[in-house]
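The values are calculated or read from the model by the stated rules, or taken from the named source; none is laboratory data. None of these values were measured; they are calculated from a predicted model. Because the Cβ atoms are built from the backbone with ideal geometry, glycine has one as well, and the counts that use them run over all protein chains shown. SASA here: full protein model, heavy atoms, side chains in, ligands and nucleic acids out. Shrake-Rupley method; radii C 1.70, N 1.55, O 1.52, S 1.80 Å.
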Amino acid sequence: MKKKEEERKKQIMKAAFNAVSKLGYDKVTLQDIADHANVSKGVVHYYFTSKQNILLALLESTTSKIYSVEIQEIGKYQTAIEKLQAYLNAVFVSPQDNKKFYRVYLDFLAKANGNEDYKRINLKFYENCWGIGQEIIELGKREGVFSPNIDSLSSAKMMRAMIDGSLIQWLTCDLEEQHKFYKETCLNSIVKLLK
C-alpha cells in the first residue's frame, strides 16, 4: 500500500477509536467515523467496506500496538521485578488513556460472544500477554525472587486477570485520582501471588 494510503487508513482507524470511545460501539456509524477523521463517508468506505470491517481492523490494530509497547518496555530492563514494573507502567499508562482504551475494549468484549473474529483477536492478545507474564515469571524463578513451584502459564493468566480487573474496577468507580493506587496495589498483589 502506498504511503499516503497507509496514512489515510491510520487516520480513519484513529478516528474510529475516538468515535467508539465517545459514542460506544452500537451507536457509532460510518458517518461518525468520517466526521472524526474530517473526511467524507465515501473515503471511509473506500478503505473499509463496512462498519464491521473498520471495527475488526481497529481491535486487531489496537491490541497489536499495546502488545508491541508492552514488549518494548519490558525489553529495557534486566531483572524480573524491573520487567514487572515496566509491564505495569506500560499497561497503566495514564488515567485518560486507560479510560479511553477500556471504554472501547469493553464494548468489543461485549460483542465478542457472538463474533468469532473478535474472539480470535482477543485470544491472540491474551496469549501475547500471557507470554509476557511467563517470560517475567520464568526469569523471576531463575533469579530466586518468585517461587520455583508456581506454574508460569497459570500465574501469567492470573497476573493479566489482576491487571485488567484492577483497571476495570478503577474505571467503573470513576475515581481518576485512584489510578496510581490501583497500579501500585495491582503490582503488590502480583508480587505476592508469585512469591
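General observations
- Convex hull of alpha carbon positions in region 54-170: directionally averaged projected area 7.3 nm².
- Rounded percent of accessible protein surface that carbon and sulfur make up, the chain, 1.4 Å probe: 51
- Per residue, region 133-183 exposes 53 Å² of solvent-accessible protein surface, assessed with a 1.4 angstrom probe and all protein chains in place.
- Most mobile listed residue (Thr79, Thr49, Thr62) in the chain, GNM with C-alpha springs under 10 Å: Thr49
- Taking 0.36 nm per residue of sequence separation and removing the Cα-Cα distance, the Gln52/Ser40 pair yields an extension gain of 2.5 nm.
- Angle of helix 179-194 to the longest C-alpha principal axis of the chain, folded into 0 to 90 degrees and rounded to 10: 50°.
- Placing +1 on each Lys and Arg Cβ and -1 on each Asp and Glu Cβ, with no other charges, gives region 5-107 a dipole about its Cα centre of roughly 180 debye.
- Paired Rg and Dmax values of region 1-68, which use every Cα atom, in angstrom: 11.2, 32
- Length added when fully stretched, Lys3-Ser147, from 0.36 nm per residue minus Cα-Cα: 46.9 nm
- For region 49-111, the solvent-accessible area works out to 46 Å² per residue, with a probe of 1.4 Å and every protein chain left in place.
- Amide N of region 61-102 lying under 19 Å from the label point, which is placed 7 angstrom from the Cα of Lys180 along Cα→Cβ: 85-99
- Candidates Gln78, Gln31, Gln134, ranked by Gaussian network fluctuation over the chain, Cα under 10 Å, top entry: Gln78
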